[in-house]
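Input: a single structure, listed below in structure tokens.
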Amino acid sequence: MKKILALVAAMAFAVFALAGCGGSQGADSSGAKVLKVGSSIDFAPFEFQDEGQKDYQGFDMDLIRAIGKEMGYAVEIQNLGFDGLIPALQAKNVDAVISGMTINDERKQNVLFSAPYYQSGLTMVVRDDEQAIQSFQDLKGHKVAVQIGTTSAEAVKKLGGVEVKELNTPADCFMELKGKGVDAVVNDRPVNDYYIQKSGATGVKALEERLTSEDYGIAIAKDNADLQKKVDDALKKLKENGEYDKIFAKWFGEKK
Ligand code: GLN
């Protein structure tokens, strides 16, 4: 009798464990677990696609692939508009979002975040010959381009007295600046710096002043604390074993 009871208990446990391990994450045709990740591939050096290249590249892309590997998941990345990322998580179209996304209270009402993985903040880019705009306070009375749905959009609106143009991508914002449709672009510092230094942009400059300090986090659906823990455990492991530092150095040079 005891044996039968033990067997029934073991079977019940097995069914429970099987049902539990899938979570909202699916499996591919080979049966490997798949982590569906959303990202707005317009944010070099975090996520971008070079012409003629099949794979998305960048710091976030390397990091999420390393996290997936650590968790035992294949990572599948979907390119979505930045303002569509949180809705995609909520609709369960993706399991996680990595997209230079700042952790803030407003977003925390709708999603969970991993531990912070990158310290960022906002700076601005103006035309080379700009005299009138030397600091954020000077933006009053000017036209400024920002990416829609971002912390830049929110911060610039808060300054007051600024005419804000919300465009789909940072590239659209920089184009608008060059075409004199706006006088400044406010955007994340590492993306502005990369645009100026690495992509060889001419006729524009980034100003030193920082409007905010912000931390990036990986966003996960509100009801998926299980995945949040897995991601945090993997991130911790990568920080401990030096893999995070390697990825960081690849995109930003050695940490100071
Ligand atoms: N860090 C900014 C935000 O979270 C911008 C992110 C982005 O454009 N990819 O709003």
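A few comments on the model shown:
- Straight Cα distances below 18 angstrom link residue 229 to the aspartates and glutamates 70, 95, 240, with same-chain residues fewer than 8 positions distant left out.
- In a reduced charge model with +1 at each Lys and Arg Cβ and -1 at each Asp and Glu Cβ, the chain shows a dipole moment near 940 debye about its Cα centre.
- Subset of 143/222; 108/246; 33/54 violating a 31 Å alpha-carbon distance limit: 143/222
- Compared with the direct C-alpha span, the chain from residue 51 to residue 110 gains 17.8 nm at full extension, assuming 0.36 nm per residue.
- Charges were assigned to the Cβ only: +1 to each Lys and Arg, -1 to each Asp and Glu. The resulting dipole of segment 82-218 about its Cα centre is roughly 120 debye.
- The label-point distance for residue 245 and residue 168, in a model that sets each label 7 Å from Cα toward Cβ, rounds to 4.2 nm.
- Comparing 236, 36, 54 in a Gaussian network model of the chain (Cα springs below 10 Å), the most mobile by mean-square fluctuation is 54.
No value in this document is a laboratory result; all are computed from the given coordinates. Bear in mind that the values here come from a model prediction, so they are computed numbers and not experimental data. Ideal geometry is used to build each Cβ from the backbone, glycine not excepted, and the neighbour counts take in all protein chains shown.
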